[in-house]
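Okay, so here's the structure we're looking at.
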Amino acid sequence: QTVYSRIRELHGQIEASREAFAPLAQRHSHCPSALDGGLLGWIGRGLLYPQLEEALFVLAENALSAPVASELGWHLIWCEAIRPAAPMTPEQALAAGVDYMVIGRPVTQSADPAQTLKMINASLKRGA
């Protein structure tokens, strides 16, 4: 069975039920996000491969992309929610930067740096 045929099958399962996304990501994805059920957190422009970003930013809330090819392989992108664009406060920018530098992904949307540090420590203790 070809990889494209398989991703089309997975697309059909997720299209039928969004609840299938996390377990299918955990089982079939090679991305580190698979451990979190494919959850990437809030994504801004400039963070993904161009093909993935192009597919993501045209999706409506709760929409599933068609299969997308990138240098890493095939992907399905589910846009769970969209939040309005807004500038970050300096505290939010610091928290987001710390999240990415320490564990390579966002762990919180908190504007409170102390709370962010607690969440990062908890995540590191779990082995994230």
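Take the solvent-accessible surface of the protein heavy atoms, probe 1.4 Å, and return the percent of it on the stretch 54-96 that carbon and sulfur atoms account for. Ligands and nucleic acids excluded, carbon and sulfur reach 61 percent. Residues in the stretch 1-68 average 66 Å² of solvent-accessible surface per residue, probe 1.4 Å, ligands and nucleic acids excluded.
In this label model, LEU39 and GLU54 are separated by 3.0 nm, measuring between points 7 Å along each Cα→Cβ vector.
Once the C-beta distance of TYR4 and ALA85 is scaled by a Förster radius of 35 Å, the resulting FRET efficiency is 0.55 to the nearest 0.05. Loop-resident trypsin sites (Lys or Arg not before Pro) (DSSP state other than H, G, I, E or B) in the stretch 1-99 with no more than 14 further Cβ atoms inside 10 Å of their Cβ: ARG45.
The values are calculated or read from the model by the stated rules, or taken from the named source; none is laboratory data. All values derive from a computational prediction rather than experimental measurement. Please note: Cβ atoms are built from the backbone with ideal geometry, for glycine as well, and neighbour counts cover all protein chains shown. Heavy atoms of the whole protein, side chains included, go into the accessibility calculation; ligands, DNA and RNA do not. Shrake-Rupley method; radii C 1.70, N 1.55, O 1.52, S 1.80 Å.
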